[in-house]
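The values are calculated or read from the model by the stated rules, or taken from the named source; none is laboratory data. Since the structure is predicted, the reported quantities are computational estimates derived from the model, not experimental observations. Cβ sites come from the backbone with ideal geometry, for glycine too, and all protein chains shown count toward neighbours. The area values use the complete protein model at the heavy-atom level, side chains included, leaving out ligands, DNA and RNA. Shrake-Rupley method; radii C 1.70, N 1.55, O 1.52, S 1.80 Å.
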Amino acid sequence: MKEWLEPQDVQVPQKLQTAIGGHQLVSKTLARRGFTGVEAAKAFLDPDYYAPAPTSELPNMAKAADRLEKAIREGETICVWGDFDVDGQTATTILVSTLRDLAVRQGSPQAVRQGSPQAVRRGSPQGAAVRYHIPVRRIESHGLNLPVLKQLIAEGVKLVLTCDTGVTDHEAIAYAQAQGVDVVVTDHHDLPSTLPKACAIVNPKMLPETHPLRELPGVGCAYKVAEELYSRMGRPEATAQYLDLVALGIVADVAVQTGDTRYLLQRGLETLRHTERLGLRVIMEVAELDPNWLTEEHIGFVLGPRLNALGRLADANVAVELLTTDSLERARILATEMEGLNAQRKLLCDQVFQAAQAQIERDPALLEHSALVLSHPSWPAGVIGIVAGRLAERYHRPTVLIATPPGELGRGSARSIEGVNIAAAIAAQREMLVNFGGHPMAAGLTIDPEPCPEYIEGRIPEFRRALSRTVSEMLGEVKDRPSLQIDGYLSLADLSLDLVEDLERLAPFGPGNPPLTLVSKRLSLTSHTPVGRTGEHLQLIVEDEEGTAQRVVWWQGAGWPLPQGRFDLAYVVRASNYRGQRDVQVEWVDALSIEEPRPQGFPGTLGVSVEIVDYRREPNPRKVLERLRAQEETQVWSEAEAKAEVAGQDRYELKPSKVLVVWTTPPGPAELRTVLGKVSPTTVYLFGIDPGLDHPETFLKRLAGLTRHILNSNRDRANISTLAAATAQRAATVRQGIAWLAARGHLAVLSEDDDEMQLAEGDHVIDPKGFRKALGSLKALLEETAAYRAHFARVDKESLIDGGE
């Protein structure tokens with residue numbers, strides 16, 4: 001359950017509202033995000049008003065361009081060395097295309113060579129002046145691979161130009177320089193403590209944090225190199241032909257959209273909608289994507305994953321050919337192959353995700369660490385980063401997945417959450433690692449998983465513990481409970497295509513400029529339908545109190561509990577173009593259940609004459625309880641193991657009494673209200689001892705013991721209310737726990753009525769689908785209870801009892 005943060009109260013200058021126009025949410029959002037001046041706001045919304053920073057402000061740009069000009073002028077063989085993700089693919093394409101174009105115009109005798117792309121790429125000794133190499137993921141890692149570099153140098157390469165890689169490759173760069181081969185590094189990854197001794201290093205991370213070029217990704221850096229070279233040749237306008245590639249790389253690399261990065265994305269999206277690049281047009285055709293309505297969402301979820309599939313599962317060098325070919329036949333062949341790889345990627349991601357979930361289900365203690373670290377020998381290294389991202393979002397903690405094929409080094413991919421620089425956290429464990437690198441939100445590593453004298457269990461368990469300690473230190477006082485910033489409130493009737501298109505003036509959205517999270521209040525759910533290839537998504541119909549209905553899409557919503565009764569819905573709204581029809585698309589973000597106000601006299605409503613005594617922070621609660629019992633007749637509401645420890649009564653055993661001791665923290669406001677109404681006390685003593693059963697492992701262990709006792713006692717009837725009291729949980733949580741036990745094959749549910757289940761011995765056969773569904777729902781219910789218990793511990797005592805929540 002997320003903590004909703006109310007929209008920041010902001011005063012919008014009248015000049016800004018007048019200049020911007022449209023719905024007030026647009027101007028309010030601009031003001032909240034720091035754009036209060038008219039000129040700054042216009043520059044944010046419209047790239048025509050933005051003045052990009054000069055290329056010369058990138059450190060070492062002049063030195064890098066000088067060396068590249070010399071190579072072109074003297075006909076040297078240049079190898080562009082890229083990376084296998086979309087950022088690396090597009091950066092490689094821009095630099096290769098630029099250098100070949102300039103070499104031809106310079107009249108280099110080796111500028112273009114006829115022959116297979118493989119020969120041009122890999123190093124035919126008769127080759128062109130401009131070649132390229134992108135590491136093949138299954139046999140190479142990120143960065144400059146020394147054996148391949150040696151081969152290229154032996155084949156006559158005189159200059160290596162990196163893109164989206166290289167800033168940490170000290171050994172390989174030192175080797176090249178020792179052989180008389182210069183290396184020019186263009187990269188955007190975090191800087192190491194000591195830079196390699198390259199001919200020139202162009203990296204925006206060398207700039208101050210507020211500089212408009214600071215957040216350029218690899219493709220942005222490559223674009224700026226191309227811009228500088230074309231400007232020197234008197235053709236500055238020629239660089240614009242690569243803006244479609246820049247847009248792909250920025251979105252796919254999840255770059256922070258600020259300053260020049262946002263400007264280039266705005267320009268690039270417009271170029272991409274009308275691209276003449278044959279490969280991209282064919283990809284859109286195969287994906288049934290209408291380029292006229294293309295947005296950053298289509299890059300992130302349609303184009304980017306397809307191109308990434310090449311690098312994850314095959315050979316990303318093919319992407320450069322696809323993005324540069326002028327053969328329609330060749331483009332169709334490559335796009336079709338890529339489509340097949342993308343389908344394979346989806347399947348592998350699902351399999352790895354399910355396997356990761358199974359590890360967590362077998363060992364819930366994994367979630368007690370601040371970082372989730374999982375490994376498996378059969379996981380394909382190419383897709384584990386995607387799955388790590390899904391797990392980080394689901395469990396709200398940095399996640400590292402490591403592929404550990406037998407006899408090989410383990411290769412890991414990490415994804416993070418707000419507040420944790422995962423690249424720095426991983427770097428802090430450098431003594432355990434072979435290699436590492438990355439960004440604050442995503443990183444990679446190489447680790448030896450085998451046992452050794454220092455690490456008898458292998459390095460991965462110790463890496464998990466050490467990384468978790470570092471993450472805990474980074475989070476410090478940061479709340480463990482995730483928050484959700486609300487941007488505004490709308491009624492369902494307010495949602496229209498005109499409104500959505502007005503709000504989309506703030507687009508493109510992404511890191512640094514998140515989409516608006518809106519809320520509609522007091523809705524009810526009227527229907528829900530699984531959608532997607534495996535039913536992993538939900539399509540819901542919600543309705544407000546005025547009877548206005550709205551279709552809502554909940555991505556990856558299958559298995560999560562649906563709200564009961566009235567609720568407030570947080571969502572993102574977009575314009576969709578499904579099958580050519582423009583419409584409003586509402587996407588589920590979160591929901592907050594509404595506690596309906598109770599009429600006077602409703603059970604649990606206490607008068608002002610009730611005395612409330614607060615012992616929630618008492619250091620010796622047992623001694624206080626003994627004193628209270630000696631002074632007056634009391635009823636002690638205690639559940640789970642605490643019931644026997646303090647000789648108390650559970651919620652169903654309590655009777656009317658003048659004095660009520662709330663010993664165990666209630667599992668929810670409904671249970672508290674019911675008990676208050678049942679007992680009708682005039683004095684309430686609050687202790688609120690947490691029963692410690694809100695973690696899946698501890699709850700399921702206790703529930704399994706209770707159900708085993710039922711079966712061993714030759715009884716087959718399990719009373720849900722009794723089990724709820726015995727576990728200090730809600731009845732719904734017990735039902736999901738029993739569903740989990742049944743899906744694991746520990747027991748079988750023969751029949752069920754309102755408050756009883758008929759149980760039998762299980763067949764010990766696991767039902768994977770039912771298992772995952774039950775666990776997802778169970779975790780959500782336990783998280784809600786944990787959140788309520790935390791609320792109970794800190795809220796004002798009067799509002800807690802008078803409101804029952």
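Which entries in Lys15/Lys521; Lys2/Lys28; Lys658/Lys701; Lys28/Lys779; Lys655/Lys797; Lys2/Lys346 show an alpha-carbon gap greater than 27 Å? Could the numbers behind the result be given before it?
Working: Lys15/Lys521 31 Å; Lys2/Lys28 24 Å; Lys658/Lys701 36 Å; Lys28/Lys779 37 Å; Lys655/Lys797 23 Å; Lys2/Lys346 29 Å.
In this structure, Lys15/Lys521; Lys658/Lys701; Lys28/Lys779; Lys2/Lys346 lie more than 27 Å apart at Cα.
Can you list the residues, at least 5 places off or on another chain, whose amide H is less than 5 Å from the amide H of Asp448, using H built in the peptide plane?
Counting only residues 5 or more places away or on other chains, the set is Gly410, Val434.
With every protein chain in place, what's the accessible area of Leu5 (1.4 Å probe, Å², nearest 10)?
60 Å²
Skipping prolines and chain starts, which residues have an amide H placed within reach, meaning under 5 Å, of the one on Gly166, given they are 5 or more residues away or on another chain?
Distant-sequence amide H within range of Gly166: Leu144.
Using only the heavy atoms of the protein chains and a 1.4 Å probe, how would Arg306, Arg394 rank by accessible area, largest first?
Working: Arg306 25, Arg394 65 Å².
Reading off the accessible areas and sorting them downward yields Arg394, Arg306.
If you take the alpha carbon radius of gyration of the range 646-720 and divide it by 2.2 N^0.38 Å, what ratio comes out, to two decimals? If you can, show how the numbers build up before the last one.
Numbers: Rg = 15.0 Å, N = 75, 2.2 N^0.38 = 11.3 Å.
Here the answer is 1.32, to two decimals.
Sum -39500 (n - 2.57) across every DSSP H segment of at least 4 residues in the chain, then divide by the residue count to get the 222 nm mean residue ellipticity, nearest 500. Could the numbers behind the result be given before it?
Numbers: 27 runs with 326 residues, N = 805.
Calculated mean residue ellipticity at 222 nm is -12500 deg cm²/dmol.
At what distance in angstrom do the alpha carbon centres of the range 669-706 and the range 46-104 lie from each other?
64 Å
Can you tell me the orientation of helix 328-362 relative to the chain, as the angle in degrees between its alpha-carbon axis and the longest Cα principal axis, to the nearest 10?
So the inclination is approximately 30 degrees.
Roughly how many percent of the accessible protein surface of the chain is carbon and sulfur, given a 1.4 Å probe and a whole-percent answer?
On the way: 17630 of 34990 Å².
Ligands and nucleic acids excluded, carbon and sulfur give 50 percent.
Taking the Cα centre of each part, how many Å lie between the range 225-270 and the range 313-380?
Taking the Cα centre of each part, the range 225-270 and the range 313-380 sit 27 Å apart.
Applying the Karplus parametrisation 6.51 cos²θ - 1.76 cosθ + 1.60 with θ = phi - 60° to the phi angles of the range 298-304, what ³J(HN,Hα) value in whole Hz is obtained for each residue in order, glycine and proline being reported as x?
Karplus-based 3J(HN,Hα) across the range 298-304 equals 5, 5, x, 10, 10, 6, x Hz.
Karplus couplings for the range 772-782 from phi (6.51 cos²θ - 1.76 cosθ + 1.60, θ = phi - 60°), rounded to Hz, Gly and Pro as x?
With the stated coefficients, the range 772-782 comes to 5, 5, 5, 5, x, 5, 4, 4, 4, 5, 5 Hz.
Would you please give the residues with an amide H less than 5 Å from that of Tyr489, counting only those at least 5 places away or on a separate chain, with H modeled from the backbone geometry?
Placed amide hydrogens put Val519 under 5 Å from Tyr489.
Please report the spacing between the Cα centers of the range 608-645 and the range 738-783 in Å, no decimals.
So the two Cα centres are separated by 35 Å.
Measure nothing fancy, just the Cα-based angle from helix 243-252's long axis to the longest principal axis of the chain, in degrees from 0 to 90, nearest 10.
For helix 243-252, the angle is close to 30 degrees.
Rounded to the nearest 20 Debye, what is the dipole magnitude of the range 269-361 about its Cα centre when Lys and Arg each give +1 and Asp and Glu each give -1 at the C-beta?
On the way: 9 positive and 15 negative charges, 31 e Å.
Value, rounded to 20: 140 debye.
Reachable aspartates and glutamates from Lys70, Cα under 13 Å, same-chain residues fewer than 8 places away excluded?
Asp182
Determine the relative contact order of the chain: mean sequence separation of Cα pairs under 8 Å and six or more apart, normalised by residue count, in whole percent. Walk me through the numbers before you get to the answer.
Values: 1520 pairs, mean separation 68.1, N = 805.
Computed over the chain, the figure is 8 percent.
Sorted from largest down, what three extents in whole angstroms do the Cα atoms of the chain have along their principal axes?
101, 70, 47 Å, listed from the longest principal axis down.
Report relative contact order for the range 689-805 in percent, whole number only (criteria: Cα-Cα under 8 Å, sequence separation at least 6). Intermediate results must be reported in sequence, preceding the final value.
Values: 130 pairs, mean separation 28.7, N = 117.
Over the range 689-805, the number comes to 25 percent.
Compute, for the chain, the length of the dipole vector about the Cα centre, with Cβ point charges of +1 (Lys, Arg) and -1 (Asp, Glu) only. Units Debye, rounded to 20.
With Lys and Arg at +1 and Asp and Glu at -1, about 1080 debye.
Using the Karplus curve 6.51 cos²θ - 1.76 cosθ + 1.60 with θ = phi - 60°, what ³J(HN,Hα) values do you get for each residue of the range 740-748, in whole Hz, with x for Gly and Pro?
My calculation for the range 740-748 gives 5, 4, 5, 5, 7, x, 6, 8, 10 Hz in order.
Could you report the accessible area of Lys769 in Å², rounded to 10, computed with a 1.4 Å probe on the protein chains as they sit in the structure?
150 Å²
Can you classify the range 1-73 as rounded, prolate or oblate using the Cα gyration tensor, where a ≥ b ≥ c are the square roots of its eigenvalues, rounded means a/c under 1.5, and otherwise it's prolate if a/b beats b/c and oblate if not? Numbers along the way, then the final one.
On the way: a/c = 4.34, a/b = 2.28, b/c = 1.90.
Prolate, since a/c reaches 1.5 and a/b exceeds b/c.
Select from Leu341, Val282, Asn292 the residue farthest towards the positive end of the dipole of the chain; place +1 on Cβ of Lys and Arg, -1 on Cβ of Asp and Glu, and compute about the Cα centre.
Farthest towards the positive end: Leu341.
Tell me, what is the per residue accessible area of the chain in Å², probe radius 1.4 Å? Don't jump to the answer; show the numbers that get you there.
Details: 34990 Å² over 805 residues.
Result: 43 Å² of accessible area for each residue.
For the range 368-411, calculate the relative contact order in percent as a whole number, restricting contacts to Cα pairs under 8 Å that are 6 or more residues apart. Working shown, then result.
Values: 59 pairs, mean separation 21.7, N = 44.
Taking the mean separation of contacting Cα pairs over the length of the range 368-411, I get 49 percent.
Need one value: the accessible area of Lys643 in square angstrom, 1.4 angstrom probe, rounded to the nearest 10.
Lys643 exposes around 60 Å² with every protein chain in place.
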